[in-house]
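Engineer: Quick one: this structure, given as structure tokens, is what I'll be asking you about.
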Amino acid sequence: MSQRNTGVTSQAVTAEACPVQEVLDRVSGKWSVGILVAAAQGPIRFTELERAVTGISRRMLTLTLRNLERDGLLTRTVYPTVPPRVEYEVTPVARELYETLLRLTDWAERHRTTIHRSRVAYDAEHAAPA
């Protein structure tokens with residue numbers, strides 16, 4: 001069946017074929033993890049996120065926040081004050097992801113030395129002759 005005839009995009013086919021890859025692409029983006037980690041500590045304002053995520057531009061922060069909100073990982077609450085106060089908070093789904101990230105971080109810490117030694121041994125074995 002042709003994609004042209006069905007109206008199915010290659011992106012939709014890829015997402016359907018590998019939902020894990022789609023989710024990993026979103027949360028493993030350069031800024032997403034830092035934002036989620038900062039927001040996991042409790043409600044946080046835009047300027048606090050801007051300070052917490054080193055090197056992020058205001059535009060990239062805005063875009064990433066929108067995407068995380070769209071994916072159901074963050075909620076955005078606007079308070080009717082002057083000027084308006086906006087806070088971001090992780091959802092239960094993101095809280096579960098945060099717990100998974102903590103386990104991954106723990107695994108990385110425990111195995112960092114082993115991985116480093118393996119890389120050194122591999123590089124030594126596969127080094128090009130001088």
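The values are calculated or read from the model by the stated rules, or taken from the named source; none is laboratory data. All values derive from a computational prediction rather than experimental measurement. We place every Cβ from the backbone using ideal geometry, glycine too, and count neighbours over all the protein chains shown. In case anyone asks, the SASA skips ligands and DNA or RNA and just uses the protein heavy atoms, side chains included. Shrake-Rupley method; radii C 1.70, N 1.55, O 1.52, S 1.80 Å.
Engineer: I'd like to check one number: the per residue accessible area of the stretch 26-130, probe 1.4 Å, reported in Å² as a whole number.
Structural biologist: 72
Engineer: Using a 1.4 angstrom probe on the protein heavy atoms only, line up His111, His126 by accessible area, largest first.
Structural biologist: His126, His111
Engineer: In nm, to one decimal, how far is the Glu96 label point from the Met60 one, both placed 7 Å along Cα→Cβ?
Structural biologist: It is 3.0 nm.
Engineer: Need one word for the stretch 63-129: rounded, prolate or oblate. Basis is the Cα gyration tensor (sqrt eigenvalues a ≥ b ≥ c); a/c below 1.5 gives rounded, then a/b vs b/c decides.
Structural biologist: prolate
Engineer: Please list Leu101, Leu65 in order of solvent-accessible area, largest first, computed with a 1.4 Å probe with all protein chains present.
Structural biologist: Leu101, Leu65
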